[in-house]
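Trainee: Encoded as structure tokens, here's the structure I'll be asking about.
The values are calculated or read from the model by the stated rules, or taken from the named source; none is laboratory data. Quick caveat, the model's predicted, so the values are computed rather than measured. Backbone-built Cβ (ideal geometry, glycine too); neighbour counts: all protein chains shown. Just so you know, the surface numbers come from the protein's heavy atoms only, side chains and all, with ligands and any DNA or RNA stripped out. Shrake-Rupley method; radii C 1.70, N 1.55, O 1.52, S 1.80 Å.
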Amino acid sequence: MADETLKAVDPEIAALIQAEERRQADTVKLIASENYVSRAVLEATGSVLTNKYSEGYPGKRYYEGQQIIDQIETLAIERAKRLFNVAHANVQPYSGSPANLAIYLAFLNPGDTVLGMGLPFGGHLTHGWSVSATGKWFNAVRYGVRKDTGRIDMDQVRELALEHRPKLIFCGGTAIPRIIDFPAFAEIAREVGAVLAADIAHIAGLVAAGVHPSPVGHADVISTTTHKTLRGPRGAMLMTNSDEHAVAINKAVFPGLQGGPHNHTTAAIAVALHEAAQPEFKAYAEQIVKNAKALADELLSRGYDLVSGGTDNHLILIDLTNKGIGGKPAAQALDRAGLETNYNTVPFDPRKPFDPSGIRIGTPAVTSRGMREPEMRQIGAWIDEVITAVAKGDAEDVIARVRGEVTELTAKFPAPGISL
Ligand SMILES: *Cc1c(COP(=O)(O)O)cnc(C)c1O
């Protein structure tokens, strides 16, 4: 990616970008929220559109010179509407967190009550967690999962909703390995007169491909990032079928929270939406889930304790308690072996958030490289070998061997967008 001009102007940054490119190429990326964008998305992101100010919306801007930008943003909006089958889309939020903040600004006043999934159970910071502005400026109530099933406790959601009468309910999260029951959330929201926001940041690509049920027709507002399973640039979108909600959301994003939209990102989102509308993307999303199931089966057969017992989507949450090792040392050892994961809390985690009991893994990125079930079984075996060795306290040889084998595998599956 680092081209000749950048090398000449800033060799230091050029060399670092190249090193990161090498690292991404040679690593098995199992971070559930990451992916590899296409060369086309990278090119749109690195375009002259970054030079333009466009406060406002297509046809209603505060700066001149929008002849082209208006066409680009309109295309992105139309493609989002078609792909997700919604009446309105706002493609301007800078990322998932500001998109969610716009929902608060659109529907709540400070101090109002929001009901969201607790962070340790798989919710996102912006669903009302204590350290987030959303937990400080609003009265946040949190639901979790059932201890026996590891699945969202819908009885608790309803009880908390009836008790606290939230104005806003969030569903969706960052570490939920199972299908989200949008109709059940919608029924509870209706019962208490709350706005239901479905945050599909993790699963947007699966929803677009019809591999996970859509929240359309159930949620009042849909929030998503564009850079996870959807495989676009870092950005976000807000969608709704309600004309009234659309007005409130647009006002909240601009001028409520943001200034000029990032036009280079808008163009790259349009490209990603175009790619996601192709038949190949549906096959991709289906393979993500098949791969996650194959990886989960391999881990289960090796005695791993998976939260909720498995997965319906792209994500697996492993509770390492029975393996006698914490999530952090496990993730660090796996990273040295070329297997990139993140340590994660598990439901009812007795350990601290900075040193929790689990690791989270996902298949969107490895599936983008064309890996399938046989590679998933191999990856599951490597994870087991490294973790078993680390738990025994003697992992150096195993890590070195797996690192070599990982490099052999990644060489056979070039990552999209990376040309080394
Ligand atoms: C990733 C994520 C976000 C936040 O996205 P950022 O772009 O990191 O701000 C919000 N909600 C959920 C459920 C997410 O997974």
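Trainee: Each residue of the range 32-40 in turn: what ³J(HN,Hα) in whole Hz from Karplus with 6.51, -1.76, 1.60 and θ = phi - 60°, glycine and Pro shown as x?
Mentor: 5, 9, 10, 7, 10, 7, 6, 4, 4
Trainee: Go ahead and estimate [θ] at 222 nm for the chain from helices alone: -39,500 (n - 2.57) per DSSP H run with n ≥ 4, summed, over the residue count, rounded to 500. Mind showing how you got there, number by number?
Mentor: On the way: 16 runs with 188 residues, N = 420.
Using -39500 (n - 2.57) per qualifying helix, the result is -14000 deg cm²/dmol.
Trainee: Lys136: which aspartates and glutamates have alpha carbons under 19 Å from its alpha carbon, excluding same-chain residues fewer than 8 sequence positions away?
Mentor: Partners found: Asp112.
Trainee: Quote the charge dipole size of the range 279-401 about the Cα centre in Debye, to the nearest 20; the model charges only the Cβ of Lys and Arg (+1) and of Asp and Glu (-1). Before the final figure, lay out each step's value.
Mentor: On the way: 15 positive and 18 negative charges, 25 e Å.
For this selection, approximately 120 debye.
Trainee: Something else about it: If the limit is 24 Å between Cα atoms, which of Lys290/Lys328; Lys290/Lys412; Lys293/Lys392; Lys167/Lys251 go over it?
Mentor: Numbers: Lys290/Lys328 27 Å; Lys290/Lys412 20 Å; Lys293/Lys392 28 Å; Lys167/Lys251 19 Å.
Too far apart for the 24 Å limit: Lys290/Lys328; Lys293/Lys392.
Trainee: Give me log10 I(q)/I(0) at q = 0.08, 0.10, 0.12 Å⁻¹ for the chain, Debye formula, one equal scatterer per alpha-carbon, no solvent.
Mentor: -0.44, -0.70, -1.01
Trainee: Still on this structure, please answer the following. Compute the convex hull volume of the Cα atoms of the range 128-210, divide it by the residue count, and report the result per residue in Å³ as a whole number. Mind dumping the intermediate values first?
Mentor: Values: hull volume 8.9 nm³, N = 83.
Residue-normalised Cα hull volume stands at 107 Å³.
Trainee: Here is a follow-up. How large is the dipole of the chain about the Cα centre if only Lys and Arg carry +1 and Asp and Glu carry -1, each at its Cβ, rounded to the nearest 20 debye? Don't skip to the answer; put the middle values down first.
Mentor: Details: 42 positive and 48 negative charges, 55 e Å.
That gives the chain a dipole magnitude of about 260 debye.
Trainee: Using alpha-carbon positions, what is the distance between the centroids of the range 200-267 and the range 368-420, in Å?
Mentor: Each part's Cα centre sits 34 Å from the other's.
Trainee: Still on this structure, I have one more. DSSP loop GluC sites (Glu not before Pro) in the range 1-95 with at most 10 other Cβ atoms within 10 Å of their Cβ, which ones? Don't skip to the end; give the middle numbers.
Mentor: Details: sites: Glu4, Glu12, Glu20, Glu21, Glu34, Glu43, Glu55, Glu64, Glu73, Glu78; in loops: Glu34, Glu55, Glu64.
Taking the range 1-95 and a limit of 10 other Cβ atoms within 10 Å, the loop GluC sites (Glu not before Pro) found are Glu64.
Trainee: Largest first and in whole Å, give the semi-axes of the range 288-412's equivalent ellipsoid, each being the square root of 5 times a Cα gyration tensor eigenvalue. Walk me through the intermediate numbers first.
Mentor: Working: eigenvalues 87, 68, 28 Å².
Those come to 21, 18, 12 Å.
Trainee: If you wrap a convex hull around the Cα atoms of the range 43-276, how much volume per residue is inside, in Å³? Could the numbers behind the result be given before it?
Mentor: On the way: hull volume 26.1 nm³, N = 234.
Convex hull of Cα atoms, per residue: 112 Å³.
Trainee: Would you mind working out the accessible area per residue for the chain, using a 1.4 Å probe, and quoting it in Å²? Intermediate values should be presented prior to the final figure.
Mentor: Details: 17650 Å² over 420 residues.
Here the residues of the chain average 42 Å² of exposed surface.
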